[in-house]
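Reviewing the structure listed below.
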């Protein structure tokens, strides 16, 4: 479980960002079946909790380090609590269970606002 103290550090906790990385394990199934699965199960639930897609990228460009062979998305939520509630919902748990057929998923929460210099 995540450390609540760690999650609240930062200059502005009004927003949080979820970085979702999906490593594709079944390319043909992903292209054929995954979009419908995502739209019917995950998209509505994420939006219900206020999740807004900031970036959707099926071909991330590698700048440094290990080459990514993943789909990357960035979502914005109004709070860490809303993001956690969305991903803890029964619908998202079911989506994750079914998505395992096509992808391996990693998600990260970044708390706070963009750095202003």
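Each label was represented as a point 7 Å from its Cα along the Cα-to-Cβ direction; for residue 23 and residue 76 these points are 3.0 nm apart. In 10 Å bins starting at 0, how do the alpha-carbon pair distances of segment 17-117 split up by percent? That works out to 15, 47, 31, 7, 0, in percent per bin. In segment 77-92, whose amide N lies under 17 Å from the spot 7 Å out along Cα-to-Cβ of residue 105? List them in ranges. From segment 77-92, the list is 77, 82-92.
Readers should treat all values here as calculations from the given coordinates under stated rules, not as data from a laboratory. All values derive from a computational prediction rather than experimental measurement. For neighbour counting, all protein chains shown are included, and Cβ atoms are generated from backbone atoms with ideal geometry for every residue, glycine included.
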